[in-house]
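To start, the structure itself, in structure tokens.
The values are calculated or read from the model by the stated rules, or taken from the named source; none is laboratory data. It should be emphasised that the depicted structure is a prediction, and the values quoted were computed from it without experimental measurement. Counting neighbours? That spans all protein chains shown, and the Cβs are built from the backbone with ideal geometry, glycine included. Side chains included, ligands, DNA and RNA excluded: accessible areas come from the protein's heavy atoms. Shrake-Rupley method; radii C 1.70, N 1.55, O 1.52, S 1.80 Å.
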Amino acid sequence: MDRWAYERQIEIDFSRPGKPTNNATVESFNGRLRQECLNENWFLSLTDAEQKIETWRTFYNQVRPHSALGWSTPADYAQKHAISGHLEPQLEPDFSGNERY
């Protein structure tokens, strides 16, 4: 992974040991990805992994109900609020690198 990131000029920024709450949104998503996709599939090749993960990503973003959306699917939530013209304010994840304590 180190070489892959280096070749693409990507800087890897790890959470501090023992501080997974530095970015709880990402940690929560990573847990769901691990539990709902990675632990449930056997990947036979890189292409197979890409296809299975993309299928899960589509399901997660369009079909799967989310507690943050009142147990609506993202598609239902967007449709409901597009009609009403009103979206509830959502908390935005902080990817700025500014740490909060």
Which of the chymotrypsin sites (Phe, Trp or Tyr not before Pro) found in region 1-48 are in a DSSP loop and have at most 14 neighbouring Cβ atoms, other than their own, within 10 Å?
-> Phe14, Trp42, Phe43
Quick calc, Ala24 & Trp4: beta-carbon distance into FRET formula, R0 22 Å, rounding 0.05, result 0.25
For Ser84 and Ile12, FRET efficiency with R0 = 30 Å and r from the beta-carbon atoms, rounded to 0.05?
-> 0.10
Can you tell me the Rg and the Dmax, both Å, for the Cα atoms in region 2-51?
-> 14.0, 34
Which whole-number value in Å² is the accessible area per residue of region 1-86, probe 1.4 Å?
-> 82
